[in-house]
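Here is the structure we will look at.
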Amino acid sequence: MRRILLTTAAMLASATPVFAQNSAPATPRSSPEQDLIAVPDTIVTATGVPTPLARVPASITVIDRKTIEENGFANLAEALATVPGLRVAQSGGPGQQASVFIRGNSSRSTLVLMDGVPVNDPSDANGAFNFGNETLFDIERIEVLRGPASSLYGSAAVGGVINLVTRRAPPDRQVMPYGEVGYGTASTLRLGGGIAGTIGQFDYLASLNNISTRASNATASRFWRTLGEFDGFNTTNATARLGYTFTPGTRVEGQLRWREATIGLDSVPRDDPNYTGNDRRWVGQIRGESNLFDGRLTTGLRLAVTQDRRTYSNLPDILSSATVQDYYRGTRQSVDWGNVVRLPGFGPATDGAVTFGVNYAHEDVTSFAGNAPFRAVTNAQQDTTAGHVAMQYRFWNALDVTGGVRYDNVSDYTGYTSWRVGAVLAVPETNVRIRASGGTAFNAPSLNQRFGVIGNTFRGNPNLQPETSIGYEFGAETDFAAFNQARFSTVGFTFFQQRVTNLINFNAGFNTLVNVASANIKGVELNWALRPAPWFTTDVSWTITDATDGQTGQPLPRRPESIVTVSARVEPTPGFVITPQVLFTGRSPEGPFATYLNSGASVNAMRYNKSGTLFNLTATYPVLPQVNVYLEGRNLTDSKWEPVNGFQTPGRSVIIGSRFVF
């Protein structure tokens, strides 16, 4: 993994229909699986101007394809667990519900994009995203932006933004097949294949992959009444893309991605043998852009549709004689128009640009869950219209300054204006980079929160206002030279603070929702990288978070006090890569009725969940120029740690497999 910083214009490149990232030149590969086009060392914005990573006033981590494969990340949850400032709370093994808390914010305060298209589930009760069942075979890189970003992305970008960028076709090959096969403990089978290439002005990509596993028991083995039932996971993903470049700088592209997963589910504190779920998502988009007036203006348009459909079936068993069939469907249709104007320099100012655009989205939700008299039903829709503008300039070839503002209007309630400013100062004499940024963000209430109904006991509140926040961060990074290594070591820190108000919570009668709560969040991310030799690097990150209820001062649930990640990359011979990894999660509070005794009884008080440590190890070796074999070990110490109280991390596992490109 490498830690980078991204400018306002570069972040806009992910939020608007641009193609500069997709058409970047190929870079040298160190292994055959890297033959698909990789992100360059600079992020290319809609202007076509690359932005150096060190010139950016926002914290972002990029997990590229090489890192994904060398560390054996098969799913999104385990890849994100290594990101500073981010906590993944998963209720069991692969496929189980997983929530992400960025810098102490709520799980619904993370906006997830797929190639720039929002994919948070509108039918989720909180409008959140489930990180537990997304696989990575067709993902080129993962970008994780930390900090308020509504001035760029609108609603839900309170804690941060995660953008999943799919693989791209190589520009220099007409036909390139690639694939993966692996098998391991718990009857885990990985199969994936694809083909990509560029023929004249056309480029294409198609891929299909499947992961199936018996997995493990999601509920903790410490419960007296556990049945030891395994909760399996089977997911299939298909991606197709076709692009046409009319002239350099003018391009259209169509893309379709489908993913469907079947998951065995459990209830705490006792296994639920007949509880299963099915989760399906479609993401489709058509987008185009063109450079005009000798590249001084870049304009682009995107049409996108996403649909999430989830079903849950709980048949009669030893726990209950009732049959439950739950159904959730959320659809989002959007239109984005984005522009970038390159500005002339003046005096000490260079590299100027203005970005502006308009966004429209329509969301529709239909859901029903449970049985009478507590049947939950939501049938509603809403529209969002937004406009945004941002500017950036570089002064004296050392100071980069950015700023932006956005206005969002969601259906029939008051809109929200968000802003963000930031600066980065480079001091090359001391190899120091200093950065600071601040901004506001908001989280619109979900359709379920506004219009959901549960029998005669609950009614949503259509008058709910957005949750709002203001926050800032300040950080610095320094390189140290030693032993003929210019960047022998890098030390950095980022201090962050955020105040969230108008939080949505139940009223005193628990029969509706109101804007009554607030949260105070502060913390620090500490990073240290050591590079004593070209064949050995190690990274250490330590995140300390203090997130409390603004009214009571009590710590917020599932926000650990400390998270420490230690990872290394060892390459004793060319191509033979070993990546050990230690993940430590400190104790974290659980709310009332969310902590369970071994008997299964819940505790009506806040308690702390125990800390846990996981040790993973992956080794990759090139047996042929176009074929790598890998060996992955997960939780090698067989820890019984519970990321969420009552739900246990999977036990020790090993997978052996191969990746290839022909």
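The values are calculated or read from the model by the stated rules, or taken from the named source; none is laboratory data. Source: prediction; values computed, not measured. Glycine also receives a Cβ, built like all others from the backbone with ideal geometry; neighbour counts cover every protein chain displayed. Keep in mind that these areas ignore ligands, DNA and RNA; they rest on the heavy atoms of the full protein, side chains included. Shrake-Rupley method; radii C 1.70, N 1.55, O 1.52, S 1.80 Å.
Listed here are the residues, each with its yes/no results for (1) in contact (Cβ under 8 Å) with a residue 40 or more places away in the chain; (2) open to solvent by 50 Å² or more (accessible area, probe 1.4 Å); (3) of a type in the set (S, T, Y).
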residue: V410; (1), (2), (3): yes, no, no
residue: L425; (1), (2), (3): no, yes, no
residue: N431; (1), (2), (3): yes, yes, no
residue: I434; (1), (2), (3): yes, yes, no
residue: N448; (1), (2), (3): yes, no, no
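Picking from residues in segment 481-494 that are touching a Lys or Arg at 6+ places or on another chain (Cβ under 8 Å) and among the hydrophobic types (A, V, I, L, M, F, W, C), the one that is nearest to V564 (Cα to Cα) is F488.
Residues that are more than 25 Å from the chain's Cα centre (by Cα) and open to solvent by 20 Å² or more (accessible area, probe 1.4 Å): does segment 608-617 have at least one?
Going residue by residue through segment 608-617, those that are more than 25 Å from the chain's Cα centre (by Cα) are 608, 610.
From what's left, open to solvent by 20 Å² or more (accessible area, probe 1.4 Å): 608, 610.
Checked against the condition, which is being more than 25 Å from the chain's Cα centre (by Cα) and open to solvent by 20 Å² or more (accessible area, probe 1.4 Å), segment 608-617 yields at least one hit.
Can you name every residue in segment 450-483 that is in a loop (DSSP other than H, G, I, E, B) and either in contact (Cβ under 8 Å) with a residue 60 or more places away in the chain or farther than 30 Å from R435 by Cβ (or both)? Selection gives G452, G455, N456, T457, G460, N461, P462, N463, L464, Q465, P466.
Taking the numbered list (1) closer than 30 Å to V268 by Cβ; (2) open to solvent by less than 10 Å² (accessible area, probe 1.4 Å); (3) not hydroxyl-bearing (S, T, Y) in turn, A58 passes all entries but (1). Considered as a group, the residues in segment 291-304 that are modelled with pLDDT under 95 and open to solvent by less than 30 Å² (accessible area, probe 1.4 Å) include one that is nearest to L113 (Cα to Cα), and that residue is G300. When L242 is tested against (1) outside any strand (DSSP E or B); (2) open to solvent by 20 Å² or more (accessible area, probe 1.4 Å), just one condition goes unmet, and that condition is (1).
If we keep just the residues of segment 199-221 that are under 14 Å from E260 (Cα atoms) and hydrophobic (A, V, I, L, M, F, W, C), which is least open to solvent (accessible area, probe 1.4 Å)? Steps first, answer last, please.
Going residue by residue through segment 199-221, those that are under 14 Å from E260 (Cα atoms) are 208-212.
Right, trim to hydrophobic (A, V, I, L, M, F, W, C) and you get 208, 211.
Details: L208: 98, I211: 23 Å².
So, considering only residues that are under 14 Å from E260 (Cα atoms) and hydrophobic (A, V, I, L, M, F, W, C), the one least open to solvent (accessible area, probe 1.4 Å) is I211.
Sub-7 Å Cβ pairs linking a first residue in segment 376-399 that is over 30 Å from A125 (Cα atoms) to a second residue that is of a type in the set (D, E) and open to solvent by 30 Å² or more (accessible area, probe 1.4 Å), at least 6 apart or interchain, are Y393/D351; R394/D351, ordered by first then second residue. Of the residues making up segment 197-219, those that are touching a residue at least 24 places away in the same chain (Cβ under 8 Å) and not in a strand (DSSP E or B) number 3.
So that you can scan it fast, the table gives a plain yes or no per residue for (1) of a type in the set (D, E, K, R); (2) within 27 Å of G460 (Cβ to Cβ); (3) in contact with a Ser or Thr (Cβ under 6 Å, 6 or more places away or on another chain):
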position: F488; (1), (2), (3): no, no, no
position: F493; (1), (2), (3): no, no, no
position: I504; (1), (2), (3): no, yes, no
position: A508; (1), (2), (3): no, yes, no
position: V514; (1), (2), (3): no, yes, no
position: N520; (1), (2), (3): no, no, yes
position: P555; (1), (2), (3): no, no, yes
position: R569; (1), (2), (3): yes, no, yes
position: P574; (1), (2), (3): no, no, no
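Here segment 336-364 is the region considered, the condition is being under 21 Å from F442 (Cα atoms) and among the hydrophobic types (A, V, I, L, M, F, W, C), and the residue that is modelled with the lowest pLDDT is F356. Across segment 524-575, which residue is nearest to F101 (Cα to Cα) among those that are among the acidic types (D, E) and surrounded by 18 or more Cβ atoms within 10 Å (Cβ to Cβ)? It comes out as E561.
So which of F506, F488 ends up being among the aromatic types (F, W, Y) and surrounded by 15 or more Cβ atoms within 10 Å (Cβ to Cβ)?
Residue meeting the stated conditions: F488.
Under the condition of being of a type in the set (A, V, I, L, M) and open to solvent by 10 Å² or more (accessible area, probe 1.4 Å), which residue from segment 112-134 is farthest from S334 (Cα to Cα)? Among residues in segment 112-134 that are of a type in the set (A, V, I, L, M) and open to solvent by 10 Å² or more (accessible area, probe 1.4 Å), the one farthest from S334 (Cα to Cα) is A125.
Residue under question is V283, and the condition is that it be crowded, with 21+ Cβ neighbours inside 10 Å, of a type outside the set (S, T, N, Q) and in contact (Cβ under 8 Å) with a residue 40 or more places away in the chain; does it hold?
Yes; evaluated as a whole, the condition is true for this residue.
Taking the criterion of being in contact with a Phe, Trp or Tyr (Cβ under 7 Å, 6 or more places away or on another chain) and within 30 Å of A601 (Cα to Cα), the residues of segment 200-259 that qualify are R214, A215, S216, N217, A218, T219, A220.
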